[in-house]
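The values are calculated or read from the model by the stated rules, or taken from the named source; none is laboratory data. Only a predicted model underlies this, so the values are computations on that prediction, with no experimental measurement involved. Here the Cβ positions follow ideal geometry from the backbone for every residue, glycine too, while neighbour counts run over all protein chains shown.
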Amino acid sequence: MILERYTTAIARLPISRLLSSTLSTQYLVAGGLFMLLAMGIVGWLFGEIVSRDVIRGRAVSSALFMQSLSGPLVLDLKTSPVLSTEAIHQLDGLLSDEASRQRFPHIEIWTPDGTIVYSRSKSLIGKRFTPPQGLSRALNGEIAAQFADLSAGEHVTRQFDTPYLEVYSPLRAPSSGQIIAVVEIHEQTEPLLEEVNGAWLRSWALVALATGIVMAGLFGIVHRGSRLIAKQSAILKSRAEEAELAAREVLGLKDRAQRASARVAELNEQFIRNIGADLHDGPSQHLSFIALQLEKLRRADSASARERVIRTIARSIDDALRELRAIAKQLLLPDIENLDLAGIVERVTKLHRARTGKVAAVELIGAVPPLTNAVKICIFRFLQECLNNAQRYAESQGLAIHCTYNGTMLDVAASNAGPAAKFSPPLRDPGDTLGLFGMRERIESLGGSLQINPLHDGGMRISMQLDLTGGLNFEHENVSYRH
């Protein structure tokens, strides 16, 4: 009980339901999680690359703009450590418009030793600070961009609380290309962040779209394969059930055939005992009587006595011969080895007509293949018994024989009209050796079946069915015979 509850509890877990679901559903869940994780990593990396490119592009454009404005005005720094008053006034004039102030709220020009020679905050001009990392990179010829370090000395002096984007761009002498100063641009981050966020959204949308397309394509393939696997599994399950059912039927037929074979052996033994009894009770008694009469004949003392004994012996010999012929006629099977089904039916009906004067209607449907001798004997004995029963119980009224072959199954039936009240289906009678019970055992030993059905007019229809494929096939019998 505890084990059943434990198993039921496990079966209710989501992972158990997932494992028992279809392959496509498992892929959709597991693959979806992995794809989402991969999409997150790729989206983040792609967004970082795009963001850096956006910041880099903005930095380059701002640097080029400031180089074009301030480059000609800082040439004094080639020969002087400070800018002239006139250069400072010119820079103030160029950078005094409102658009420039909104985009670049702070601008400084540094000399290589860390001295600020120009700034909108005039208090910083002439002061030296520890060179920022961006200044060092710019002195090496790069355009450096970074967010402002609020703990730097020049920012602490001005009490900065906004992390501007700092762009450091080298200023070179036109003739020699020597870096004589570095311009630092503080750019507002709001427009930049909007552009970066837009780039992030576009990159994530692109990654999500690509992931969705890949996921949909793979799911379609897996779903199709899952449906095919499910279909094949259903077919295999159906085939397995059919095979199991066929195996049970084969076992049933095997048991049935074994019982039929055993019963046929019993019937044959009983048949032999009955023949022995018939010979013992009939011809043997007549022969014993003849032997006694021979002794009387030897002792007869007159011609008339001998004549009476001879006549008695002659009558006994006639009676013995008649009984021997009757027994032989019962045992004798006509020559049917070279006959087909039509010939067998014709032979049986002719013998019945010769014995009773009754004619049977015959109907043959289907081209019956060559039959094995076992099947021929079975059909002959079956029809012979059916006609005998029809004569015995219904005086062969409305007698008809129907043979139908559909390519595998052969159905042979005999029917009669008229009263059949005295007829009863075959029971297991040890003395019934040639009756319908014996025929049923013979038919079942060949894998066939016997059907007995009453008709609406009071008659009877008795039919046998045989599967002519496999072991009952004439070609199979010939192959086995040759080997």
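Per-structure values
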read-out: Residue list for the range 444-474, restricted to those being at pLDDT 85 or above and either in contact with a helix residue (DSSP H, G or I) (Cβ under 6 Å, 6 or more places away or on another chain) or surrounded by fewer than 17 Cβ atoms within 10 Å (Cβ to Cβ) (or both); value: 449, 450, 451, 452, 453, 454, 461, 462, 464, 465, 467
read-out: Hits in the range 53-99 (condition: buried (at least 16 other Cβ atoms within 10 Å of the Cβ) and among the hydroxyl-bearing types (Ser, Thr, Tyr)); value: 62, 70
read-out: Sole exception among (1) hydrophobic (A, V, I, L, M, F, W, C); (2) closer than 23 Å to residue 99 by Cα; (3) over 60 Å from the mean Cα position of the chain (by Cα); (4) at pLDDT 70 or above for residue 196, by number; value: (3)
read-out: Residue satisfying all of: in the range 154-187; assigned to a loop (DSSP other than H, G, I, E, B) and modelled with pLDDT of 70 or more; surrounded by the most Cβ atoms within 10 Å (Cβ to Cβ) among these; value: 164
read-out: Residue pairs meeting the criteria (Cβ under 9 Å; at least 6 apart or on separate chains; first within 17 Å of residue 171 (Cα to Cα), in the range 100-116; second among the β-branched types (Val, Ile, Thr) and surrounded by fewer than 16 Cβ atoms within 10 Å (Cβ to Cβ)); value: 111/82; 112/179; 114/130; 115/82
read-out: Options 381, 355, 311; residue that is of a type in the set (Lys, Arg) and surrounded by 13 or more Cβ atoms within 10 Å (Cβ to Cβ); value: 381
